[in-house]
Amino acid sequence: MPNTYHLDLQPIGKRINVPEGTNLLDACQQAGVELVAVCGGAGVCGTCRVRLLKGKLTDHSLTELDELTNAERTKGIRQACQAEVLSDATIEILPESLSAPQRLSIEGRENDFEWERSVIETYDIKVEPATLTDLRPDTTRILDTLTAQPTKVGFANVGATSVADGNLVFDSEAVKFLAPLLRSNDWSARVVIRNENEVVAFLPPETPVFGLAVDIGTTKVAAYLVDLDSGETVAKSGAMNPQIAYGEDIISRIRYINDHPEDGLKTLQARLIETLNNLIDELSKEAKIKREQIVEAVIVGNTAMHHIFAGLPVKQLGEAPYIATVGEALSIKARDLGLKIADGATVYLPPNIAGFVGADHVSMLVGAGLDDTEETVMALDIGTNTEISLYHKGRHWATSCPSGPAFEGAHIEDGMRAAPGAVERVRIEGDELKVHTIGNADAVGICGSGILDAIAECLKAGLLLPRGAFAGTHPRLRGSGSAAEFVLAPASRSGTGRDVRVTRKDVNEIQLAKGAVRAGAEVLLEKAGIQAADLDQVIIAGAFGTYLDLDSAIAIGMLPRTERTRYQQIGNAAGTGARRMLVSLDQREIAESIARHVEFVELAKHPSFTKIYSQALLLQS
């Protein structure tokens, strides 16, 4: 009997056990993960590329030695059709090798607000040509022309004040383009000024300028290209966070960095920067612009993602009392991070609130426009780590809940992320079962919204008890006790040839995740001295929050029990907030004020937390 090994296929989140010697392409197909394989596995097309992150495969074949460069082989790149499994392994499937993309949460509110002070201003100017009798340096000509006759395009004219005060400075990389630009454009140029005091780019006259807004989630990355004149989003795209291959949650990635003190942080940072640069290329092509036109960026993420992106230490984030290295807003030159936008461009990172409430939550609150609300509002950004805010009578409390990756399909027997073939909707009507999969493909697994639906439907049908045990009878319910399971797609109708089902262990995983969210909400309500019925509005944001069925979430007791009409799903509000801060200095000041005035609540220290959490584990509203 050959040994059996466990394959972890990322970023899909599918896991499968296969016999030793199984062809890797075959293993992926058995798991329902469709790779591009134009040549049918003959090894001549090079399209089924993956990256080996952990474990052992057979040595490179002669075909791979021909098809892959030395650099690619060093990075662990393999052709799946040419490799066989020799141990437990973690495999990263490259984006271009997936035959169908995963669902990415990039939708959210547009920049439908007016702003007074812009981050970026542009001036179209024409300077006096240099002559033997006028030997002023080019930068001096720029300053003199701005002071004398500033010509503004699109924004309030405030740049000349900085010039007159002698406060205008030139980015050291931006000035390298000035001399040839002036001389090739009849001594004319568009001058790009940041924060009223720094020249960050020189472009041909009337060249439009853009900004990049990015929300780095633990699982997914959403990127937006914004016209800095109008605030319009001209292109948007998303990708899976490549760090998933090094750990499904924040703590796992911190542990990876700690276990690799020489290069762990650099590796995770580099993989993320690589993904962002790919997104920049994609957005630039869609909008038909050059990267030099992207002159500003706002990037948000939870505190760990923020620190890894900026190259900051994260060890202390994984140890009590979980302290962030930086809480205040940061501005870093894009070139210092390796981002391929304008050489003089700056990346603005909004402030963090605490070790597990980061700039993404601040950005979500900005995007939702909650900074000056007079209502009693609870806002939940639901994901691998869930952040919750409560506004009541002029006060603002916030906390974080370690909900874990179960909502993304992790730790679920047939779990996977939101990709084609994932069960995302379930309805039980008597003995009939209705299942909907992403892309209407044959079921190959269950994503977070699907497992939530299945549990809620089983609960309503009397097939689940509050403590998570299966009960009753149904044609799809089989086994008993801890071995009981509910079949969503039998092997004869699945895309893997195996049953896709919900187990008792799956139910318990969701109980732990939803219990953490509900407990966090209840602690904040108790802190404010109010009940859920007192909430005027409950806002649900985040990647998972976009697609979950609210009725299912309420039915299993994940969300505070209040009137259904008070709930609102707003999509990727963190991305909306990032876009707002991209164009407006006022919105950045709002973000920084939010971080200064919020009252952070540490759940573990709250005297009622254990009691509240125990009650929240039950499957009841």
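Read the figures in this text as sums done on the coordinates, not as results from a lab. This is a predicted model, so every value here is computed, not measured. Every residue, glycine as well, gets a Cβ built from its backbone with ideal geometry; the counts of neighbours run over all protein chains shown.
If I fit a long axis through the Cα atoms of helix 585-597 and take the longest principal axis of the Cα atoms of the chain, what angle between them do I get, 0 to 90°, rounded to 10?
Rounded to the nearest ten degrees, it is 50.
For every other residue with a beta carbon closer than 12 angstrom to the beta carbon of A456, add +1 if it is Lys or Arg and -1 if Asp or Glu, then tell me the sum.
Overall, the nearby charge balance is 0.
Add +1 for every Lys or Arg and -1 for every Asp or Glu among the other residues with Cβ under 13 Å from the Cβ of R117, and state the total.
-3
Between region 267-338 and region 547-565, how far is it from one alpha carbon centroid to the other, in angstrom?
If you average the Cα positions of each part, the centres end up 34 Å apart.
Pick out, from A516, S492, T503, the residue whose Cα sits farthest towards the positive end of the charge dipole of region 472-541, with +1 on the Cβ of Lys and Arg and -1 on the Cβ of Asp and Glu.
Most positive-ward Cα: S492.
Determine the relative contact order of the chain: mean sequence separation of Cα pairs under 8 Å and six or more apart, normalised by residue count, in whole percent.
14 percent
Does region 464-564 come out rounded, prolate or oblate, given a ≥ b ≥ c as the square roots of the eigenvalues of its C-alpha gyration tensor, rounded meaning a/c under 1.5 and, failing that, prolate meaning a/b above b/c?
prolate
Per residue of the chain, what 222 nm ellipticity follows from adding -39500 (n - 2.57) for every DSSP H run with n ≥ 4, rounded to the nearest 500?
The per-residue figure over the chain is -8500 deg cm²/dmol.
Taking the chain as the reference, fit the longest principal axis to its C-alpha atoms, fit the long axis of helix 264-287 to the helix C-alpha atoms, and give the angle between the two in degrees, 0 to 90, nearest 10.
Between the helix axis and the principal axis of the chain, the angle is about 70 degrees.
Over what distance in Å are the Cα centres of region 247-264 and region 579-621 separated?
25 Å
Which one of V347, L272, V295 is farthest out on the positive end of the charge dipole of region 210-349, using unit charges on Cβ (Lys, Arg +1; Asp, Glu -1) and the Cα centre as origin?
It is L272, whose Cα lies furthest towards the positive end.
Positive end of the charge dipole of the chain (Lys, Arg +1 and Asp, Glu -1 on Cβ, about the Cα centre): tell me which of Q531, G439, I556 has its Cα farthest that way.
I556
Express the relative contact order of region 208-320 as a whole percentage, based on alpha carbon pairs under 8 Å and six or more residues apart in sequence.
In percent, rounded to a whole number, it is 33.
For P(r) over Cα pairs in 10 Å bins from 0, in percent, the choices are (1) 3, 15, 23, 21, 16, 12, 7, 3, 0, 0; (2) 3, 16, 24, 24, 18, 10, 4, 1, 0, 0; (3) 3, 13, 18, 17, 14, 11, 9, 6, 4, 3, 1, 0, 0; which was calculated from the structure?
Label (2) holds the value from this structure.
Let's see if you can work this out: charge +1 on each Lys and Arg Cβ, -1 on each Asp and Glu Cβ, no other charges. What is the dipole magnitude of the chain about its Cα centre, in debye to the nearest 20?
Dipole size: approximately 1280 debye.
Enter the angle in degrees (range 0 to 90, nearest 10) between the Cα long axis of helix 573-583 and the first principal axis of the Cα atoms of the chain, meaning the one along which they spread out most.
So the helix axis and the longest Cα principal axis differ by about 0 degrees.
How high is the relative contact order of region 4-97, in percent, counting Cα pairs under 8 Å that sit 6 or more residues apart?
Once normalised by length, the contact order is 40 percent.
Classify region 210-349 as rounded, prolate or oblate from the Cα gyration tensor: take a ≥ b ≥ c as the square roots of its eigenvalues, call it rounded if a/c is under 1.5, otherwise prolate when a/b beats b/c and oblate if not.
In terms of gyration-tensor shape, prolate.
Report for the chain the percent antiparallel among DSSP-assigned beta bridges with both residues inside it, nearest 5.
70 percent
Any idea what log10 I(q)/I(0) is at q = 0.11, 0.14 Å⁻¹ for region 317-395, Debye with uniform C-alpha scatterers and no solvent?
Values, matching the q order: -0.41, -0.62.
Explain nothing, just the number: dipole magnitude of region 485-549 about its Cα centre with +1 on each Lys and Arg Cβ and -1 on each Asp and Glu Cβ, in debye rounded to the nearest 20.
The calculation lands at about 380 debye.
Suppose every Lys and Arg Cβ carries +1 and every Asp and Glu Cβ carries -1, with no other charges. What dipole size does region 4-97 come out with about its Cα centre, to the nearest 20 debye?
Charge dipole, region 4-97, about its Cα centre: 260 debye, nearest 20.
Using per-residue counts of other Cβ atoms within 10 Å, averaged over each peptide, order 198-211, 261-274, 555-568, 573-586 from highest down.
Most protected by this proxy first, the peptides run 573-586, 198-211, 555-568, 261-274.
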